[in-house]
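The values are calculated or read from the model by the stated rules, or taken from the named source; none is laboratory data. These numbers come from a predicted model, not from an experiment. Cβ atoms come from the backbone with ideal geometry, glycine included; neighbour counts cover every protein chain shown. All accessible areas refer to the heavy atoms of the entire protein, side chains included, with ligands and DNA or RNA removed. Shrake-Rupley method; radii C 1.70, N 1.55, O 1.52, S 1.80 Å.
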Amino acid sequence: MAITEINEYAHLTDADVEALGAELDALRREVEADRGLRDVRYLRRTILAQRALEVTGRALLLGSHKRPLWLLGTGSLALAKIIENMELGHNVMHGQWDWMNDPEVHSTTWEWDMVCASPHWKHSHNYIHHKYTNVVGMDHDVGYKVLRVTRDEPWAPKRLMQPISNIVLAATFEWGIGLHDIAVGDVLTGKKSRAVGIPQIQEFGRKIGKQVAKDYVLFPALTGPNFRHTLTATLTANLIRNLWAYVVIFCGHFPDGAEKFTVDTLDNETQGQWYLRQMLGSANFRAGPAMAFMSGNLCYQIEHHLYPDLPSNRLAEIAVRVRALCDKYDLPYTTGSLWFQYLKTLRTINKLALPDRFLRDTADDAPETASERRFVGTDRALGLKTAIAEVRRRRRLRRRASA
C-alpha cells in the first residue's frame, strides 16, 4: 500500500539521502542570504495590484445593472480575491515575509478574504499538512476527510457519491477549508474536547459574520438599486476564486506520482528523509509567469513543500536547482500541464469511488497508490526514476501479451 521505507522506495542509501538533504539545506541558506529589496518590491507591487483590482471591481459594480460593467466588475473582483488568497494570504501566513519584520505582512497578523479563520488554517495547513505531508492517518489534507484518494483508506458505500462530493467541495472550497481544522463532527462525538472545539466554532462563526456582512450586505448595499446585481456578482467572484483555488491545490497533491506514506516513515525521520518525502509527495504543473502568479506560485508545489517559508517569487529559480538534483539522484520530478494534472486527479477521485474489486492495478503499483513492493523483480541498482520506467515497461508488455 503506502510507502513504508522511504529510502528503499527512493533507491537511495542513507548516505545518499543525507547528501541530498545537505544540498537542499545549502540551497535554503543561499536564498535566505539573498533576500532583499527585489523581494520587497515584488510584495509591495503585488499588494498594490490586488488592491487596485478590488477597488476597480467594486467601482465597476456601482453600475452592475449594465451587463458589461457586471462582467468587468465580477472579473476584476474575482482576480483580486484570487491574488489575495493565493499569492498574499497563503504565502504571508506561511511566514514567507516575516523576515521583513513588517506587521502589515506578518504571519501572525494577516487575516485573509475568505470564511476560514487564519489561526485554524495555520494549524491544519502549516503544522499538520506540511509536517506530516501525505502520511496516511496524520495528514488530513489527504482527501480533506471528504474524498478517498488512496487505496490505503478502505472503501465504504458512501464513496459512491464521491464524484458529486468532489463537485460540491470545489464550488464551496473556502467553506471546506474553514471547517477542516474545526472538525465539528469530532466535537459533537467527544473525540475533540469541547473546551478546544467550541471556541474554534465561535471564532469561525465570527469570521463568517464578517465575510457575509462585507460581501453580501455592505458592498451590495452601497450600489443602491443595483443590490441584487452586485450580490450575484460577488457570489460569482467567490465561486470563481473557490474553483481556481481547488484546482491549483488538487493539482499539487493528488495527480499520479504524488505518493502516500505510512506512519512508520516518521520513525527517526532525518531532515534528508523529510525533504525526500516532500519531493515524492508533491506535484507541480507547468505555468508561465502570469499563471504562476495567479496560482500563488503553487505551480511549484514541490519547491513550496521543500521551503514553505521562502518567498514565493523565488520558487521559479529554486525549481531549476531542485530539478537538477532530481536528475542527479535519479528521482522523478512530477509535473505536467495544469489540465493534464487535474484530469489525472479527477480520474483518481472517480475511480476510487468504486470498490477495490473493480480496480485493475494492484494496491502497490497503482497511479495513485504505490509502495516499495512495486519494484519486486527489478534491478535494485537502478535509481527510482529509472526503476519506475522499467516497471511501467514491464506492465505494458504484460498487457500486450494478455490482449
### Query
Of the labelled options [x] 148; [y] 128; [z] 159, which one gives volume of the Cα convex hull per residue in Å³ as computed for this structure?
[z]
### Task
Multiply the residue separation of R51 and R360 by 0.36 nm, subtract the distance between their alpha-carbon atoms, and state the gained length in nm to one decimal.
106.2 nm
### Task
Would you compute the Debye intensity of segment 81-131 from its alpha-carbon atoms alone, equal scatterers and no solvent, and pass along log10 I(q)/I(0) at q = 0.19, 0.20, 0.26 Å⁻¹ to two decimals?
-0.57, -0.64, -1.03
#### Entry: Fluctuation leader among L69, L147, L24 - the chain, Gaussian network, Cα springs under 10 angstrom
L69
### Message
Give the lysines reachable from K328 as a straight Cα distance under 26 Å; neighbours fewer than 8 places away on the same chain don't count.
### Response
K131, K260, K385
### Summary
Computed about the Cα centre, the charge dipole of segment 128-173 from +1 Lys/Arg and -1 Asp/Glu charges at the Cβ has a magnitude in debye, to the nearest 20, of 120
### Query
So what J values fall out for segment 30-43 if you push phi through Karplus, 6.51 cos²θ - 1.76 cosθ + 1.60 with θ = phi - 60°, rounded to Hz, Gly and Pro as x?
5, 5, 4, 5, 9, 5, x, 4, 5, 6, 4, 4, 4, 5
### Query
Per 10 Å bin, what percent of the C-alpha pairs of segment 1-119 does each bin hold, from zero upward?
12, 26, 22, 21, 12, 6, 1
### Query
What are the ³J(HN,Hα) values, in whole Hz, obtained from phi via the Karplus relation 6.51 cos²θ - 1.76 cosθ + 1.60 with θ = phi - 60°, for each residue of segment 291-301 in sequence order, with x given for Gly and Pro?
5, 4, 4, 5, 8, x, 6, 7, 5, 9, 5
### Query
How much of the accessible area of the chain, in percent, comes from carbon and sulfur atoms when a 1.4 Å probe is used?
62
### Task
Quick one: plug the Kirkwood hydrodynamic radius of segment 2-42 (C-alpha pairs) into Stokes-Einstein at 4 °C, 1.567 mPa s, and report D in µm²/s.
103
### Task
Could you provide, to the nearest whole Å², the per residue accessible area of the chain with probe 1.4 Å?
44
### Task
Relative to the longest principal axis of the C-alpha atoms of the chain, give the angle of the C-alpha long axis of helix 227-253, reported between 0 and 90° and rounded to the nearest 10°.
20
#### Entry: Sparsely packed GluC sites (Glu not before Pro) within segment 3-85, loop by DSSP, other Cβ within 10 Å at most 15
E5
### Estimated D of segment 256-403 in µm² per second, where Rh is the Kirkwood radius over Cα pairs and Stokes-Einstein applies at 20 °C, 1.002 mPa s
126
### Task
Determine ³J(HN,Hα), in whole Hz, for all residues of segment 13-22 in sequence, where each value follows from phi through the Karplus function 6.51 cos²θ - 1.76 cosθ + 1.60 and θ = phi - 60°; x replaces Gly and Pro.
7, 4, 5, 4, 5, 5, 5, 4, x, 5
### Query
Can you give the three extents of the C-alpha atoms in segment 221-303 along their principal axes, from longest to shortest, in whole Å?
63, 29, 22
### Summary
Helix-only [θ] at 222 nm, the chain, -39500 (n - 2.57) per DSSP H run of 4+, per residue, nearest 500, equals -17000 deg cm²/dmol
### Task
Taking the chain as the reference, fit the longest principal axis to its C-alpha atoms, fit the long axis of helix 162-171 to the helix C-alpha atoms, and give the angle between the two in degrees, 0 to 90, nearest 10.
40
### Message
When 1/r is averaged over all different Cα pairs and the result inverted, which Kirkwood radius in Å belongs to segment 66-213?
### Response
17.3
### Task
For K158, list the lysines whose Cα falls under 20 Å from its own Cα; do not include residues on the same chain fewer than 8 positions away.
K145, K351
### segment 268-327: Cα Rg divided by the 2.2 N^0.38 Å rule of thumb
1.12
### Only Lys, Arg (+1) and Asp, Glu (-1) charged, at Cβ; the chain dipole about Cα centre in debye
1900
### Task
Excluding residues on the same chain fewer than 8 positions from K210, give the lysines whose Cα lies under 24 Å from its Cα.
K81, K122
### Summary
Residues meeting the amide H criterion for W112 (H placed from the backbone, H to H distance under 5 Å, 5 or more places apart or on another chain) are S118
### Query
segment 313-403: which GluC sites (Glu not before Pro) are DSSP loop and have at most 11 other beta-carbon atoms within 10 angstrom?
none
### Query
Could you work out Rg/(2.2 N^0.38 Å) for segment 340-403, with Rg from alpha carbons only?
1.24
### Summary
Taking the alpha-carbon centre of each part, the distance from segment 375-396 to segment 34-113 in Å is 46
### Query
Given L77, A213, T230, which one lies farthest toward the positive end of the charge dipole of the chain, if we put +1 on the Cβ of every Lys and Arg and -1 on the Cβ of every Asp and Glu?
T230
